[in-house]
Amino acid sequence: MQDTLETALPLSDLYRRVERHIPPFEWPILAPDIARILALKGQRNAVILAHNYQTPDIFHTVADIVGDSLALAREAARTDKPVIVLAGVHFMAETAKLLNPEKTVLIPDLEAGCSLASSITGADVRLLRQSHPGVPIVSYVNTSAAVKAESDVCCTSGNAKKIVEALGAKTVIMLPDEYLARNTAKETTVEIIAWKGRCEVHERFSAEDIREFRARYPGILILAHPECPPEVVAECDFAGSTAAMAGYVGKHRPARVVLLTECSMSDNVALQHPDLEFVRPCNLCPHMKRITLSNIRRALERMEHKVEIEPQIAARARAAVERMLALG
Ligand code: 13P
Ligand code: SF4
């Protein structure tokens, strides 16, 4: 799911979107950055793509497009704006650049990484290919361009099963998230060889947490991201990408719900559904949290930090991302 947000609203209207999350005394601190970002977006002819894990002040006020990794990649491929600001982590900005080599793609903090992306290198993938000749390699979009370049196709949490099955192979290598690979393997007859990468946010959830939620909050609906351990996914009520979880809440409107994922996601979805009760355990992604209103403002003022990818890597990495978009 992805959503287009109207940002040409007076600041007071924007505040109404977040007033249940941001207290009135905090708004005057945020409003000047928001006003400046909205003005700079017009001057630079820029679009801001924001991931579902961005904080509500970014997600509900300055973002033009919000969504999961798949939606952000699709929108990056579609936009006609010459400047893209990626409010998310580095692999997301790289994916946007791969799909828009001629455009300027800015990431407000170059250090916004990902424990999955840093768990594997291009050299590791070459070794894997050597040890499993002829087995196609599916790389999760949470990887560097160098890893994508060594892969046959990419996938996201929103299309992993579809991509694995579309290859028509008996066995595939799926990297680097061991849990996403094992969770996908349960849904398909394709044999999946996994890597040992983990998301530092989702690996912290346990099946014990789920039992505690059920005991403490009767009737609660439990949704989980497929980067969670398989025993968590086995005991939850629904597992899906960040967009799939938001869509599930909108469709089923559970009276009480918990999202086992990064905590800003619950804040953002809760603001859209004031009548539902969200139980909110908080596992923060420190990489996503590096993006702030003030560094988005600075990115647009200084046109920094420009994402660049070595052309030889970019051509092969782009092919893997484009193949995913074509298949999915
Ligand atoms: P989604 O593609 O589901 O938004 O997930 C991205 C991510 O980084 C989850 O941790
Ligand atoms: Fe990476 Fe996990 Fe953060 Fe997502 S939540 S960006 S997978 S570390």
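Among the residues of the stretch 199-236, those that are buried (at least 16 other Cβ atoms within 10 Å of the Cβ), over 14 Å from Glu262 (Cα atoms) and not aliphatic (A, V, I, L, M) comprise Asp209, Phe213, Pro229, Pro230, Glu235, Cys236.
What are the residues in the stretch 114-155 that are in a loop (DSSP other than H, G, I, E, B) and within 13 Å of ligand 1 (Cβ to nearest atom), if any?
Initially, the stretch 114-155 is screened for residues in a loop (DSSP other than H, G, I, E, B), giving 114-116, 120-121, 132-136, 141-144, 150-152.
Those that are in a loop (DSSP other than H, G, I, E, B) and within 13 Å of ligand 1 (Cβ to nearest atom): Cys114, Ser115, Leu116, Val141, Asn142, Thr143.
Is it the case that the stretch 163-182 has a residue that's acidic (Asp, Glu) and under 30 Å from Ile48 (Cα atoms)?
Within the stretch 163-182, one or more residues are acidic (Asp, Glu) and under 30 Å from Ile48 (Cα atoms).
For Val105, indicate whether it is of a type in the set (A, V, I, L, M), more than 15 Å from ligand 1 (Cβ to nearest atom), surrounded by 24 or more Cβ atoms within 10 Å (Cβ to Cβ) and closer than 30 Å to Lys41 by Cβ. Yes: the conditions hold for Val105. For Leu300, are the conditions met, namely being in a strand (DSSP E or B) and surrounded by 20 or more Cβ atoms within 10 Å (Cβ to Cβ)? No, not satisfied.
Would the stretch 40-53 turn up any residue that is under 18 Å from Gly247 (Cβ atoms), under 15 Å from the mean Cα position of the chain (by Cα), touching a residue at least 12 places away in the same chain (Cβ under 8 Å) and surrounded by fewer than 24 Cβ atoms within 10 Å (Cβ to Cβ)? Give the steps one after another, and end with the answer.
Just the residues of the stretch 40-53 that are under 18 Å from Gly247 (Cβ atoms), to begin with: 50-53.
Next cut, under 15 Å from the mean Cα position of the chain (by Cα) only: 50-53.
Keeping just the survivors that are touching a residue at least 12 places away in the same chain (Cβ under 8 Å) gives 50-53.
Remaining after also requiring surrounded by fewer than 24 Cβ atoms within 10 Å (Cβ to Cβ): none.
Among the residues of the stretch 40-53, not one is under 18 Å from Gly247 (Cβ atoms), under 15 Å from the mean Cα position of the chain (by Cα), touching a residue at least 12 places away in the same chain (Cβ under 8 Å) and surrounded by fewer than 24 Cβ atoms within 10 Å (Cβ to Cβ), which makes the answer no.
Within the stretch 62-106, the residues that satisfy the criterion of being in contact (Cβ under 8 Å) with a residue 60 or more places away in the chain and farther than 22 Å from Ser157 by Cα are Val62, Asp64, Val83, Val85, Pro101, Thr104, Val105, Leu106.
Every condition in (1) free of Cβ contacts under 8 Å to residues at least 60 places away in the same chain; (2) within 13 Å of ligand 1 (Cβ to nearest atom); (3) within 18 Å of Ser118 (Cα to Cα) holds for Asn183 except the one numbered (3). Name the residues in the stretch 251-269 that are more than 14 Å from ligand 1 (Cβ to nearest atom), in contact (Cβ under 8 Å) with a residue 40 or more places away in the chain and not charged (D, E, K, R), would you? Scanning the stretch 251-269 gives a single hit, Val258.
All but one of (1) surrounded by fewer than 18 Cβ atoms within 10 Å (Cβ to Cβ); (2) closer than 20 Å to Leu110 by Cβ hold for Ile291; which doesn't? Against the list (1) surrounded by fewer than 18 Cβ atoms within 10 Å (Cβ to Cβ); (2) closer than 20 Å to Leu110 by Cβ, Ile291 comes up short only on (1). Sort through His287, His252 and tell me the only one that's within 30 Å of Glu150 (Cα to Cα) and of a type outside the set (A, V, I, L, M, F, W, C). Among His287, His252, only His287 is within 30 Å of Glu150 (Cα to Cα) and of a type outside the set (A, V, I, L, M, F, W, C). A search for C-beta distances below 6 Å between a residue of the stretch 295-306 that is at pLDDT 95 or above and any residue that is in a helix (DSSP H, G or I), counting only pairs 6+ apart in sequence or on different chains, returns Ile296/Ile37; Arg297/Asp33; Arg297/Arg36; Arg297/Ile37; Leu300/Leu40; Leu300/Arg44.
Residue count for the stretch 224-250, restricted to those that are in contact (Cβ under 8 Å) with a residue 40 or more places away in the chain, closer than 30 Å to Arg16 by Cβ and of a type in the set (A, V, I, L, M, F, W, C): 3.
Screening the stretch 95-113 for residues that are away from ligand 2 (no atom under 13 Å from the Cβ) and in a helix (DSSP H, G or I) and picking the one that is nearest to Leu284 (Cα to Cα) gives Ala96.
The values are calculated or read from the model by the stated rules, or taken from the named source; none is laboratory data. Note that the structure is a prediction, hence the values are computed from the model and not measured. Glycine gets a Cβ as well: all are built from the backbone with ideal geometry, and neighbour counts include every protein chain shown.
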